[in-house]
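Peer 1: Take a look at this one; I'll ask things after.
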Amino acid sequence: MVNQYQKKKDSKATKQLILDTATDIGASDWSSLTFQHLADKSGISKGGIMHHYKNRDELLDAIVERSLIKLKDWILEYQNVNNLKDSGMAYLHAVLATEKDERYLRTMRIIVQAVLFKAQYLNLWNNWYKENIVQEIGKSRTKSLIAILIADGIWYSETFGLSAISKEDKDEIVKYLNT
């Protein structure tokens with residue numbers, strides 16, 4: 001990994017490097033992440049890491065927060081670009097259209113681990129989901145709920161590498177729901 005950490009200590013770049021490295025290490029098993037392993041992989045001293053994140057919970061908070069902001073931005077982007085008033089359809093468009101790189105998938109795996117093992121993250125996820133996905137279901141409630149369920153299924157499938165849906169199949173899903 002290329003260390004972007006400079007002697008001048010750009011705080012934003014340092015935090016980004018810590019979060020990215022923690023995501024790479026913790027995706028398969030967050031509980032096995034140690035600050036020493038993070039320091040070894042990132043090239044930042046353990047003390048430098050602890051200057052920004054006092055413990056793994058603070059680090060996990062930052063990863064989850066960053067991810068939820070990114071997901072919300074994607075949904076809003078597709079809502080605006082496609083002139084969608086329905087957040088369920090915007091969520092589906094975002095899930096279908098967003099290119100998922102390895103870091104995104106690793107981050108989503110960490111979120112799933114957090115939600116499964118800590119009630120605070122389950123509550124955070126539920127609140128975020130209600131505010132950003134379910135809250136603005138449009139007039140076509142059934143269609144919107146179907147779109148949300150399809151998006152959830154695809155999201156989980158892609159996050160865990162269970163199956164890949166072709167672009168053609170994704171286009172067919174959107175076409176079908178738009179009729």
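Peer 1: If I model a spin label as a point 7 Å beyond the Cα along the Cα-Cβ vector, how far apart are those points for ARG141 and SER163 in nm?
Peer 2: Placing both labels 7 Å beyond Cα along the Cβ direction yields 3.0 nm.
Peer 1: How far, in nm, would the chain grow between LYS46 and VAL134 when pulled straight, counting 0.36 nm per residue and subtracting the alpha carbon separation?
Peer 2: 27.6 nm
Peer 1: While we're here: Any chance you could run the full-extension gain for ALA97 through LYS175? It's 0.36 nm times the residue separation minus the Cα-Cα distance, nm to one decimal.
Peer 2: Stretched out fully, the ALA97 to LYS175 stretch lengthens by 26.7 nm.
Peer 1: Before rounding to the nearest 500, sum -39500 (n - 2.57) across all DSSP H runs of length at least 4 in the chain and divide by the residue total; then give [θ] at 222 nm in deg cm²/dmol.
Peer 2: Calculated mean residue ellipticity at 222 nm is -22500 deg cm²/dmol.
Peer 1: Now, a different point. Assuming R0 = 41 Å, can you tell me the calculated FRET efficiency for the pair VAL81 and SER28, based on Cβ-Cβ distance, to the nearest 0.05?
Peer 2: Here the calculated transfer efficiency is 0.75.
Peer 1: Determine, for region 95-179, the count of lysine pairs separated by eight or more sequence positions (or lying on different chains) whose alpha-carbon distance falls under 19 Å.
Peer 2: Taking the Cα cut-off of 19 Å, the pair count is 9.
Peer 1: A further question follows. Rounded to the nearest 0.05, what FRET efficiency is calculated for ARG56 and SER11 with R0 set to 22 Å and r the Cβ-Cβ distance?
Peer 2: 0.65
Bear in mind that the values in this text are calculations on the coordinates, not laboratory data. Just so it is clear, the structure is predicted and the values come from calculations on it, not from any experiment. Every residue, glycine among them, receives a Cβ derived from its backbone with ideal geometry; neighbour counts consider all protein chains shown.
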